[in-house]
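Comments concern the structure below.
The values are calculated or read from the model by the stated rules, or taken from the named source; none is laboratory data. No experiment lies behind these values; they were computed from the predicted model shown. Because the Cβ atoms are built from the backbone with ideal geometry, glycine has one as well, and the counts that use them run over all protein chains shown. Quick note on the areas: whole protein, heavy atoms, side chains included, nothing else; ligands and nucleic acids left out. Shrake-Rupley method; radii C 1.70, N 1.55, O 1.52, S 1.80 Å.
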Amino acid sequence: MRVRILAVGQHIADWAQEAVRGYLARFPRSWSVDLKEIRTEHRAGQTPAKLMQLEAERLLAAIEPGDFVVVLDEHGKEMRSLEFADYMKRKMNTVNKRLVFVIGGPYGFSEKVYQVANEKISMSKMTFSHQMIRLIFVEQIYRAMTILNGGPYHHE
């Protein structure tokens with residue numbers, strides 16, 4: 001399975017980057033999981049709408065034809081870890097190219113990003129920092145993989 005995480009923002013603390021790299025290194029070759037950072041604009045003199053527009057242009061440029069795009073959005077479907085593992089299993093069987101998860105910037109997504117999204121999922125009703133959501137989400141993909149492979153990482 002090919003999974004790409006597009007994450008807006010490049011100023012991530014070293015500890016968070018190290019933790020994300022640690023999880024990404026654990027995936028077997030059968031799961032190609034990577035994270036691509038999308039540069040943010042300087043906020044000075046920019047409106048939130050303009051910032052979202054500029055971020056959308058960069059996000060859309062990173063999405064390839066045939067990608068199945070899922071935005072992480074507070075209004076998306078929430079899932080328990082076992083449900084997310086089942087979701088990933090279904091996507092493994094139905095997505096032909098890449099499964100692309102998109103983590104937005106501080107102001108969220110422009111309408112253009114929602115228009116290309118195939119689905120929306122939510123990590124929680126709570127708000128997390130962008131560096132934390134990267135780590136939590138990569139960990140959940142790893143957890144889904146171990147559940148699907150019958151590994152000991154997840155316990156009920």
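If you keep only loop residues by DSSP, which trypsin sites (Lys or Arg not before Pro) in the range 81-156 have at most 13 other Cβ atoms within 10 Å of their Cβ?
Working: sites: Lys89, Arg90, Lys91, Lys97, Arg98, Lys112, Lys120, Lys125, Arg134, Arg143; in loops: Lys97, Arg98, Lys125.
The qualifying sites are Lys97, Lys125.
Can you list the residues, at least 5 places off or on another chain, whose amide H is less than 5 Å from the amide H of Val33, using H built in the peptide plane?
Answer set, sorted by chain and number: Val3.
Could you work out how much longer the chain between Glu74 and Arg26 gets when fully extended? Use 0.36 nm per residue separation minus the Cα distance between them, nm to one decimal.
On the way: separation 48, 0.36 × 48 = 17.28 nm, distance 2.80 nm.
That works out to 14.5 nm of additional length.
I need the semi-axes of the equivalent ellipsoid of the range 21-110: take the C-alpha gyration tensor, multiply each eigenvalue by 5, square-root it, list largest first in whole angstrom. Can you show the working numbers first?
Numbers: eigenvalues 150, 46, 37 Å².
Its equivalent ellipsoid spans semi-axes of 27, 15, 14 Å.
At a 1.4 Å probe, what is the % contribution of carbon and sulfur to the accessible area of the range 54-156? Each step should come with its number before you reach the end.
Values: 2750 of 5420 Å².
Ligands and nucleic acids excluded, carbon and sulfur give 51 percent.
Starting at the first residue of the range 127-132, write each ³J(HN,Hα) from the Karplus equation 6.51 cos²θ - 1.76 cosθ + 1.60 with θ = phi - 60°, in whole Hz, x for Gly and Pro.
Coupling constants for the range 127-132: 9, 10, 5, 5, 6, 6 Hz.
Restricting things to alpha carbons, tell me how big the range 1-70 is in terms of Rg and Dmax, in Å.
Rg, Dmax (Cα atoms, Å): 14.4, 45.
Say a paramagnetic label sat at a point 7 Å from the Cα of Asn96, along Cα to Cβ; which residues of the range 1-44 have their backbone N under 16 Å from it?
Only 2 pass the distance filter.
When the Kirkwood hydrodynamic radius is evaluated over all pairs of different C-alpha atoms of the chain, what value in angstrom, to one decimal, is obtained?
Values: mean 1/r = 0.0623 Å⁻¹.
By the Kirkwood definition, the hydrodynamic radius is 16.1 Å.
Spelling out what I want: for every residue of the range 27-42, take phi, set θ = phi - 60°, compute 6.51 cos²θ - 1.76 cosθ + 1.60 (Karplus), and round to whole Hz; glycine and proline get x.
Along the range 27-42, the couplings run 5, x, 4, 5, 10, 8, 10, 9, 10, 10, 7, 10, 4, 8, 8, 5 Hz.
Averaged per residue, what accessible surface does the range 30-102 expose to a 1.4 Å probe, in Å²?
Details: 4060 Å² over 73 residues.
That works out to 56 Å² per residue.
List the trypsin sites (Lys or Arg not before Pro) within the range 55-87 that DSSP assigns to loop and that have no more than 16 neighbouring Cβ atoms inside 10 Å. Kindly include the intermediate steps, with their values, before the conclusion.
Working: sites: Arg58, Lys77, Arg80; in loops: Arg80.
Sites meeting the loop and neighbour criteria: Arg80.
Which residue, chosen from Gly45, Gly76, Ala144, occupies the Cα position most advanced towards the positive end of the dipole of the chain, where the dipole is computed from +1 (Lys, Arg) and -1 (Asp, Glu) charges on Cβ about the Cα centre?
After comparing all options, I get Ala144.
Roughly how many debye, to the nearest 20, is the charge dipole of the chain about its Cα centre, given +1 on each Lys and Arg Cβ, -1 on each Asp and Glu Cβ, and no other charges? Walk me through the numbers on the way to the answer.
Working: 22 positive and 18 negative charges, 69 e Å.
Approximately 340 debye in magnitude.
For the chain, take the longest principal axis of its alpha carbons; what is the angle in degrees between that and the long axis of helix 14-26, to the nearest 10 within 0 to 90?
Taking the Cα atoms of the chain, the angle to 14-26 is about 40 degrees.
State the number of lysine pairs found in the chain whose Cα atoms come within less than 22 Å, restricting to pairs 8 or more positions apart or on distinct chains.
17
How far is helix 48-62 tilted off the main Cα axis of the chain, in degrees rounded to 10, range 0 to 90?
With rounding to tens, the tilt is 50 degrees.
In degrees between 0 and 90, to the nearest 10, how far off the longest principal axis of the chain does helix 81-94 point, with axes built from Cα atoms?
Orientation of helix 81-94: about 90 degrees from the principal axis.
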